[in-house]
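A short write-up of the structure that comes next.
The values are calculated or read from the model by the stated rules, or taken from the named source; none is laboratory data. Quick caveat, the model's predicted, so the values are computed rather than measured. Ideal geometry is used to build each Cβ from the backbone, glycine not excepted, and the neighbour counts take in all protein chains shown. Calculation scope for accessible area: heavy atoms of the full protein, side chains included, ligands and nucleic acids excluded. Shrake-Rupley method; radii C 1.70, N 1.55, O 1.52, S 1.80 Å.
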Amino acid sequence: NAWAYARQYVRCKSLLAAGKNGTASRVCSTLPEMVSAVPPGDYAVKQQAYRYAAQSAFVLGDYSKAIDLLRHQIAVEGSGPVPVDASSGYAYWHLAMAYKSEGDVKKAQSSYERAVVILKKGSQSISDWPYRKGYTALLVKVLRQDSVVLREMGKPRDAARATGEAGKEAKRIRK
């Protein structure tokens with residue numbers, strides 16, 4: 001039921017925050033299965049289930065499992081009535097890192113690119129400075145990681161562009 005899901009979700013989140021990764025993995029991995037108890041149309045709960053299950057897989061280095069769960073999270077978010085937000089940017093960022101860890105730099109770069117688009121849109125649409133600063137700080141990190149992948153792919157101009165853009169965004173944070 002939804003109550004059991006909520007308890008499991010809280011346990012998962014707490015265990016991850018406490019750094020108890022092994023236990024968190026066991027608890028978090030059940031979240032996507034438990035989503036069936038959540039009312040249809042509750043997109044936020046469904047995407048949370050996949051996000052935390054993916055996070056636990058990522059922390060344990062199970063990148064192929066994390067990739068699968070992140071894809072599910074992105075699909076749920078894309079099917080919801082609310083526009084794509086920060087959690088999608090984070091999902092694409094984590095997806096990029098998982099692909100890179102698996103050695104697929106082409107898919108990693110594509111996911112970094114998607115994260116950049118979402119995070120730029122988010123940072124430009126938020127007027128509340130602390131939230132905007134958070135979006136922008138993550139955008140800087142994603143752009144810098146993307147530039148590394150672009151260099152690995154033999155695209156130095158694109159890498160320089162991403163590095164320059166990261167520098168400009170970083171200046172906005174310091175102002």
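Contact map, segment 125-152: residues that are hydrophobic (A, V, I, L, M, F, W, C) paired with residues that are open to solvent by 50 Å² or more (accessible area, probe 1.4 Å) and at pLDDT below 95, Cβ distance under 8 Å, separation 6+ or inter-chain. Pairs shown: 126/132; 138/90; 139/120.
Among the residues making up segment 60-100, those that are modelled with pLDDT under 85, hydrophobic (A, V, I, L, M, F, W, C) and either open to solvent by 70 Å² or more (accessible area, probe 1.4 Å) or under 24 Å from residue 136 (Cβ atoms) (or both) are 60, 82, 84, 86. As for segment 153-160, it holds at least one residue that is open to solvent by 70 Å² or more (accessible area, probe 1.4 Å), modelled with pLDDT of 95 or more and in a helix (DSSP H, G or I). Would you confirm whether any residue within segment 141-148 is within 23 Å of residue 44 (Cα to Cα), in a helix (DSSP H, G or I) and not charged (D, E, K, R)? No, the conditions are met nowhere in segment 141-148. Which residues, counting only those in segment 12-59, are in contact (Cβ under 8 Å) with a residue 12 or more places away in the chain, under 29 Å from residue 105 (Cα atoms), open to solvent by 30 Å² or more (accessible area, probe 1.4 Å) and not basic (Lys, Arg)? If the condition is that a residue be in contact (Cβ under 8 Å) with a residue 12 or more places away in the chain, under 29 Å from residue 105 (Cα atoms), open to solvent by 30 Å² or more (accessible area, probe 1.4 Å) and not basic (Lys, Arg), then 21, 22, 29, 48, 50, 55, 58, 59 are the ones that fit. Within this structure, residue 139 passes the test of being touching a helix residue (DSSP H, G or I) at 6+ places or on another chain (Cβ under 8 Å), open to solvent by less than 30 Å² (accessible area, probe 1.4 Å) and farther than 30 Å from residue 23 by Cα. Anything in segment 106-139 that is among the hydrophobic types (A, V, I, L, M, F, W, C) and at pLDDT 95 or above? List them, or say none. Listed by number, the list holds a single entry, 108. Of all the numbered requirements in (1) over 27 Å from residue 42 (Cα atoms); (2) in a helix (DSSP H, G or I); (3) not polar (S, T, N, Q), residue 76 misses one, and that requirement is (1).
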